[in-house]
1. Can you name every residue in segment 47-60 that is part of a strand (DSSP E or B) and either aliphatic (A, V, I, L, M) or open to solvent by 50 Å² or more (accessible area, probe 1.4 Å) (or both)?
2. Working only within segment 5-20, note down all residues that are assigned to a strand (DSSP E or B), surrounded by fewer than 17 Cβ atoms within 10 Å (Cβ to Cβ) and not hydrophobic (A, V, I, L, M, F, W, C).
3. Go through (1) loosely packed, with under 13 Cβ neighbours inside 10 Å; (2) not in a strand (DSSP E or B) and name the single condition LEU2 misses.
Amino acid sequence: RLSSQMHHHRHEHWVVVRGTARVENGEREILLQEDESTYIPLGTTHRLENPGVIPLELIEIQIGSYLGEDDIVRFDDEYGRNI
């Protein structure tokens, strides 16, 4: 499960290639299956999780003026990264 996060300089498009993805996209929580996708607008809090046993494979397309990892603003992180 990824941290709950947002970005100031990029928006993202996630496409599930294999498995099932549970996605928090703003106020919505959705389940995506193979060949389904979601768009995450700039500044939207989001999180990704694999709720199943099949490994989750997805394509993440990042679009924006800056794509550096220091643009990640974390709100909740289970792995002890900076919040």
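The values are calculated or read from the model by the stated rules, or taken from the named source; none is laboratory data. Keep in mind the model is a prediction, meaning the values are calculated, not measured. Glycine gets a Cβ as well: all are built from the backbone with ideal geometry, and neighbour counts include every protein chain shown. Ligands, DNA and RNA are excluded from the accessible area calculation, which covers all protein heavy atoms including side chains. Shrake-Rupley method; radii C 1.70, N 1.55, O 1.52, S 1.80 Å.
1. Those that are part of a strand (DSSP E or B) and either aliphatic (A, V, I, L, M) or open to solvent by 50 Å² or more (accessible area, probe 1.4 Å) (or both): LEU48, GLU57, LEU58, ILE59, GLU60.
2. HIS11, HIS13, ARG18
3. Going through the list (1) loosely packed, with under 13 Cβ neighbours inside 10 Å; (2) not in a strand (DSSP E or B), LEU2 breaks only (1).
Residue-wise test of (1) open to solvent by less than 40 Å² (accessible area, probe 1.4 Å); (2) outside any strand (DSSP E or B); (3) touching a residue at least 60 places away in the same chain (Cβ under 8 Å); (4) in contact with a Pro (Cβ under 8 Å, 6 or more places away or on another chain).
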{"residue": "GLU29", "(1), (2), (3), (4)": "no, no, no, no"}
{"residue": "ASP35", "(1), (2), (3), (4)": "no, yes, no, no"}
{"residue": "THR38", "(1), (2), (3), (4)": "yes, no, no, no"}
{"residue": "THR44", "(1), (2), (3), (4)": "yes, yes, no, no"}
{"residue": "GLN62", "(1), (2), (3), (4)": "no, no, no, no"}
{"residue": "ARG74", "(1), (2), (3), (4)": "no, no, yes, no"}
